[in-house]
Amino acid sequence: MTSSGFVSDSRSEKLEEHAPSCPKSLGADSAAPSTCLPERLERLDAASNAQSPFQPSTLNPQPSTKYHVTVLTGGDDRPYVLGLAEAFTSGGVTLDVIGSDDLSLPELLNNRRINFLNLRGDQHPNTSLARKITRVLTYYARLVIYAAKARPQIFHILWNNKFEFFDRTLLILYYRLLGKKVVFTAHNVNASKRDGSDSLLNRFSLQIQYRLVNQPYKGLEYLVAAFAELLKSDRSYRLIIAGKPKWNEVYWNGIERLIEDLSVRDRIIPRIEHVPDEETELYFKAADVLVLPYTQVFQSGVIFLGYSFGLPAIVADVGSLKEEVIEGKTGFVFKPRDSSDLVAKIDNYFKSELFHNLETRRAEIKAYANERYSWTKVAMITAATYSRLLASDF
């Protein structure tokens, strides 16, 4: 779970069934719910019988030998890999999943349509530099040998590996020379530009990759400023900043100084660390709203994850985020880099019918997400891409 923000309000009578006397809770990409968050999480965990976002796909369950695909995972991202694998294999697609110890899971190991290949092994960060170099080189050697012998004609890259320039150029060219059709999921079109570390070499290698197949962007400073403004009229708000930071340390230190300067430390719960998959659900169910104050981003998987739990979102109007929000139905959109507009939208949200009927609306948002963003639909769209590739001469 990447850093996010969440908000709650004790005026929600239905939420009080789970969390009596809870104050308002705001949640951001690195943010979360109220002072009674532990109680709320405990009650939700004990009482929850909500549907998992990774329900079996409704794709044609009949066996099919049309597709045999290699999925290159990058060694992590369990929710994405498990969701995609479930949807594909339910539809009869056979997969070779290239992973690591972190993905050595029963869902992959016990699926008869998945050949799980642990080419990466242990990816624990707390090891010596020599060990890191050895395991990266070992992985690339195993990958090169595998590709030369692999039966699948489609190589689907979910994430690049450690050496992006090599992955984007020589490695993809190697796949193409072997006659493989290459599919690449661009989670971020240019993550380096987003993170303020772009370069000519980076853009050049990206162009090659797409042809063959640090300004922080989180905006937490605008959320913290908006949050401080909200507290002037209502001290019941609570902000949780939760998730593993992907910004630099200097940026986060600046956010902490801003929190101190605005005297809002007592109303913010920072959990600046990796949130295990099994705990993510509780955060999204305990929150009243998800806030994504990005200053620049093409797309964010966090909003889709929030929707899968029925959580409304307040998002900055950057990239394609606006297109994912139905105003007043699934959330609200505010002007990027504008704390005043964010204050207004948060205030509007807690006065809206969307919030006051949150329990009912959660079910509607989940249904909307399942229809528009389900793994079944993702698999169908991706399978159509595979079909076009196999039918082409390129």
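For the reader, a short list of remarks on this structure follows.
- Residues in region 141-198 that are at pLDDT below 70 and of a type in the set (Lys, Arg) were compared, and the one that is surrounded by the fewest Cβ atoms within 10 Å (Cβ to Cβ) is LYS162.
- Take the conditions (1) hydroxyl-bearing (Ser, Thr, Tyr); (2) buried (at least 18 other Cβ atoms within 10 Å of the Cβ); (3) modelled with pLDDT of 85 or more; TYR217 misses just one of them, which is (3).
- Within region 364-377, the residues that satisfy the criterion of being under 21 Å from VAL333 (Cα atoms) and not aromatic (Phe, Trp, Tyr) are GLU364, ILE365, LYS366, ALA367, ALA369, ARG372.
- Evaluating HIS274 against the criteria (1) within 22 Å of GLU256 (Cβ to Cβ); (2) in contact with a Ser or Thr (Cβ under 7 Å, 6 or more places away or on another chain) leaves one unmet condition, (2).
- PHE355 under 23 Å from GLY301 (Cα atoms), of a type in the set (Phe, Trp, Tyr), surrounded by 14 or more Cβ atoms within 10 Å (Cβ to Cβ) and in contact with a strand residue (DSSP E or B) (Cβ under 8 Å, 6 or more places away or on another chain): yes
The values are calculated or read from the model by the stated rules, or taken from the named source; none is laboratory data. On a predicted model such as this, the values are computed, not experimentally measured, just so you know. FYI the Cβ positions are ideal-geometry reconstructions off the backbone, even for glycines, and counts take in every protein chain you see.
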